[in-house]
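Here's the structure we're looking at; comments come further down.
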Amino acid sequence: MESLQTNTLLNSKERFFINHSQLEALLKNIPKLIYMKDTKGNYVIGTEHAQEFVKSGSDVLHNVRLDTRKMRNTNDAEDKYVIGNNKTISNEREIYDVNGIPHWYNIYKAPISNPNGKVIGIVVMVDNIDEPKILEAQRETFVASLGHDLKNPTLAQIRALEFVLKGGFGKIDIKLREILEMVLDSCRYMGAMLSSILVTYRNDRGVVRLNYEEISLVNLVMESVGEMIYLAKDKEVGVSIDKDCEIPTIWGDKVQIKRVIMNLLSNGIKYAYKNTTLHIAVYNEGDYTCFKFENKSPFIPLDKRESIFAQYVSYAEAYKELGIGLGLYTSQKIVEAHDGQIFVESFEDDRNIFGFKIPNGASNKDKLRTVAF
């Protein structure tokens, strides 16, 4: 009888050893952060890098070291809930690393119960989701920046139609007025939808491939000014252009560079004082072709100039204007993708200068380039 009990005990130990070894082998080869801990929070077993993660917050798989101090209270509260309620929880959480940089993780915690239903531990799965979060943000900001850029020509159309309907080009007959008012209503509806898109996607990017072609910056500026002229008239702002018709052509994406010009002009007109003139210049500067404008508008302090091209930085609210801070951010991204520079200068006599410069020539036309918003 004693021999039978001994054999049973040995068999039980062997089975435990085999099961434990299989579990360790399985966990070791899973490229994820998965681990088990007891009800007191002590680490029991886990995948290859899990113990180091629990100990120091080091996510070796993604080269991130999280700040364990900032994680502790939330982790303890989650563990207490899982143990006390015998329930699983799953959530996405923003966690800061030791350098103060935020990272996104998907946290899954499930109770481990004995045959009697008592919780004796927790299994935890931690997955870094920075990459999908970045892609999600790219899609959101791409839609938002596109909506922002469509807002400018839509507003220009509205102002042009209003100007005509007010008799800016003389008296118009009843039938034509009805058609123009219908078009105006349609444009206003489009403007309202674009405003809705801008509000919806104000959550922090899309990747656009640049399509290179030979561009006359002079012609592109003239075309853009033509589309914005009624917006300037509505704001009672004059526009003058000083252009050097001998400057060389540039290679770049025409649509994207026009977005930059339209964004800068829109801001220049929006913030300009009434009965002043927006002075535009297109010129050559060494190996660069340049565009800039100067207007009379409120002085921009140095600290604001340093952040003015950042995403979602807008001073429109201070001047009772509609804006969410995407235009200048988008413009900088486009210019830098063309190996160019965007700049702003501000003077205490209320002169402000905005512009950009792009390299001359076709030296980089064969490069595959993209811009991520």
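We did not get these values from a lab; they are worked out from the coordinates using the rules stated. Note that this is a predicted model, so its numbers are computed, not measured. Glycine also receives a Cβ, built like all others from the backbone with ideal geometry; neighbour counts cover every protein chain displayed.
Under 5 Å from the amide H of Ile129 lie the amide H atoms of Trp104, Tyr105, Asn106, each residue being 5 or more positions distant or on a separate chain, with H modelled from the backbone and absent for Pro and chain starts. Each residue of the range 169-180 was assigned a 3J(HN,Hα) from its phi angle through the Karplus expression (A = 6.51, B = -1.76, C = 1.60, θ = phi - 60°), giving 10, x, 5, 10, 6, 4, 5, 5, 4, 4, 5, 5 Hz with x at Gly and Pro. Between amide H atoms placed 1.01 Å from N, distances below 5 Å from Leu278 occur with Gly238, Val239, Ser240, all of them 5 or more places distant or on a separate chain. Evaluating 6.51 cos²θ - 1.76 cosθ + 1.60 at θ = phi - 60° for every residue in the range 90-103, the Karplus couplings come out as 8, 7, 9, 9, 8, 10, 8, 8, 5, 9, x, 8, x, 9 Hz, glycine and proline recorded as x.
Going from the fewest other Cβ atoms within 10 Å to the most, the residues Tyr283, Tyr96, Tyr230 appear in the order Tyr96, Tyr283, Tyr230. The trypsin sites (Lys or Arg not before Pro) of the range 73-121 that meet both conditions, a loop assignment by DSSP and at most 12 other Cβ atoms within 10 Å of the site Cβ, are Lys87, Lys118. Among His338, His279, His62, the order by Cβ neighbours within 10 angstrom, fewest to most, reads His62, His279, His338.
The alpha-carbon of Lys87 sits under 17 angstrom from the alpha-carbons of these aspartates and glutamates, leaving out residues fewer than 8 places away in its chain: Asp38, Asp76, Glu78, Asp79.
Applying a threshold of 31 Å to the alpha-carbon distances of Lys151/Lys274; Lys133/Lys296; Lys243/Lys333; Lys166/Lys254; Lys296/Lys333; Lys37/Lys70 flags Lys133/Lys296; Lys166/Lys254 as lying beyond it. Which residue, chosen from Leu155, Gly170, Phe142, occupies the Cα position most advanced towards the positive end of the dipole of the range 138-197, where the dipole is computed from +1 (Lys, Arg) and -1 (Asp, Glu) charges on Cβ about the Cα centre? After comparing all options, I get Gly170.
Proximity of backbone amide H atoms, modeled 1.01 Å from N, is registered between Ile120 and Ile112, Ser113, Asn114 at under 5 Å, excluding neighbours fewer than 5 places apart on the same chain. With kT/(6 pi eta Rh) evaluated at 4 °C and eta = 1.567 mPa s, and Rh the Kirkwood radius from Cα pairs, the range 31-128 diffuses with a coefficient of 95 µm²/s according to Stokes-Einstein.
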